[in-house]
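Working notes for the structure below.
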Amino acid sequence: MVQTNIITLKAVNKIFSEDENANQVLSGVNLKIPTGSVFGIIGYSGAGKSTLIRCINGLETPTSGTIHYQDTVVNQLNEKELINLRGQISMIFQQFNLMPQRTIAQNVALPIKYKHLDKQVVNDKVDKLLDLVGLKDKKDDYPSSLSGGQKQRVAIARALINDPKVLLCDEATSALDPETTDSILSILKELNTKLKITVVIVTHEMKVIEQVCDQIAVLDNGKIVEQGDVYDVFAHPSQPITKRFVDTTTNLKIDKAMYDAWRLPSNSLLVRVTYNNENTIDPVISNVARKFNVDISILLADIKLIQNKLIGGLIISIEGYEDDIKNAYEDFIHNDGVLVEVIDDVE
Ligand SMILES: Nc1ncnc2c1ncn2[C@@H]1O[C@H](COP(=O)(O)OP(=O)(O)OP(=O)(O)O)[C@@H](O)[C@H]1O
């Protein structure tokens, strides 16, 4: 099947002229967002994520470069055409942006208020969308009576009122606790699989990417420094910034207190083993231990499933005679899909 891209950015630059130092916020951004994907854009605060995502639906205009939505060049549209476009490319925000003086149902219907559609048609659609996000019984309530997670569900229902093809999510879960974040991410994934909506997620949290995205782009200081399939990027992060983001999701960090508590004997080698194929590590460990007559203890383990493939690692200690340890270590290194590093600087 030929993969199409619903959104393409070509050489996009953005300089805010009112910026005191005329900061270049986006520099030469090239991005292809495949139709039907859940696409994550990650970066630290100030990297330009919001600016980038706002360029996609014309809330910001790039200083140069082009943004294509299917066959449309977004940055050549006039204000009226942009309003229509935002029905196709809708958006949710960190702070939900609900109207406090309107009911939940009125908030959801707001984007089509001025279309003067049949009241019953609007009501039915609002009911259907509130049902989809699990809030049908709240339709006559006001936003102030809802939790953050419920408010974001209302915002999602509102974003769907025009049957969009793309949903842009700007730090949509950053104000929510971990459990509520999970429930919102599940809804986003469901919209993607059931309604075939392309979802673009801007976040500073690698866990969000890990949970729902198929593709990732890493934005650093206005530049895309790495992009690709989420599993591949987790397995082989090529840039230091990407590695730092990946590290935030693993449980393989050691501090001095932990190291001291292990009380490892002097004839031991502390090793981090990460693997990135679909085989489990266990046979490799027992094989090496048998073959070289060393003892291997598993001190920490972290295994997860990304895009239905296993990825993870272990911290192990290898104990025995010096030559045996050396041979065992060499043997580990030569296993396909296994990355082995000696840990010798615990702080
Ligand atoms: N309207 C604007 N006028 C001037 N400068 C702006 C404007 N919007 C954003 N910036 C600047 O652009 C840079 C990137 O901001 P942006 O909000 O896109 O980053 P971000 O990665 O989304 O960060 P955060 O996660 O903190 O929101 C910042 O230095 C910011 O001050």
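A few comments on the model shown:
- Accessible area expressed per residue, the stretch 1-151, with surrounding protein chains retained (probe 1.4 Å, Å²): 54 Å²
- For the chain, built as a Gaussian network whose Cα springs stay under 10 Å, the top-fluctuating residue of Ile92, Ile56, Ile325: Ile325
- Full extension of the chain between Asp71 and Ile15 gives 17.6 nm of extra length, using 0.36 nm per residue less the Cα-Cα distance.
- Max mean-square fluctuation residue, GNM over the chain, Cα-Cα springs under 10 Å, options Ala11, Ala105, Ala235: Ala11
- Note on Lys151: lysines with a C-alpha under 20 Å away, same-chain residues under 8 apart excluded, are Lys113, Lys125, Lys128, Lys136, Lys138, Lys139, Lys189.
- Neighbour count of at most 13 Cβ within 10 Å plus DSSP loop: longest trypsin sites (Lys or Arg not before Pro)-free window in the chain: 1-195
- Taking every DSSP bridge with both residues inside the chain, close to 70 percent are antiparallel.
- Cα-projected label distance for Ser147 with Ala257, points at 7 Å along beta-carbon direction, nm: 3.1 nm
- With distances taken between every two different alpha-carbon atoms, the stretch 5-247 has a Kirkwood hydrodynamic radius of 18.5 Å.
- Residues whose amide H lies under 5 Å from that of Lys223, counting only those 5 or more places away or on a different chain, are Ser27; hydrogens are built 1.01 Å from N in the peptide plane.
- Surface composition of the stretch 221-347: carbon and sulfur atoms hold 47% of the protein heavy-atom accessible area at a 1.4 Å probe.
- Within the full protein context, the accessible area of Met99 is estimated at about 60 Å² for a probe radius of 1.4 Å.
- Rounded to the nearest Hz, the phi-derived 3J(HN,Hα) couplings of the stretch 249-259 under the Karplus curve 6.51 cos²θ - 1.76 cosθ + 1.60 (θ = phi - 60°) are 9, 9, 10, 10, 8, 10, 10, 4, 4, 5, 4, where x marks glycine and proline.
- Computed from Cα atoms, the angle from the helix 322-333 axis to the main principal axis of the chain rounds to 30 degrees.
- Residue with peak Gaussian network fluctuation, the chain [Cα springs, cutoff 10 Å], from Asp255, Asp302, Asp141: Asp255
- Ellipticity at 222 nm from helices only: DSSP H runs of n ≥ 4 in the chain, each -39500 (n - 2.57), divided by the residue count, give -10000 deg cm²/dmol.
- Accessible area per residue for the stretch 152-295 is 46 Å², calculated with a 1.4 Å probe on protein heavy atoms, without ligands, DNA or RNA.
- Nearest-ten-degree value, helix 119-132 long axis tilted from longest Cα axis of the chain: 10 degrees
- Using the Karplus relation 6.51 cos²θ - 1.76 cosθ + 1.60 with θ = phi - 60°, the per-residue 3J(HN,Hα) values for the stretch 41-56 come to 10, 10, x, 6, 4, x, 5, x, 4, 4, 4, 4, 5, 6, 5, 5 Hz, with x marking Gly and Pro.
- Rounded percent of accessible protein surface that carbon and sulfur make up, the stretch 167-211, 1.4 Å probe: 52 percent
- Difference of contour (0.36 nm per residue) and Cα-Cα distance, Arg244 to Thr8: 82.2 nm
The values are calculated or read from the model by the stated rules, or taken from the named source; none is laboratory data. Remember, predicted model here, so these are calculated numbers, not experimental data. Here Cβ is always computed from backbone atoms with ideal geometry, including for glycine, and neighbour counts include all displayed protein chains. For accessibility, only protein heavy atoms count, side chains too; no ligands or nucleic acids. Shrake-Rupley method; radii C 1.70, N 1.55, O 1.52, S 1.80 Å.
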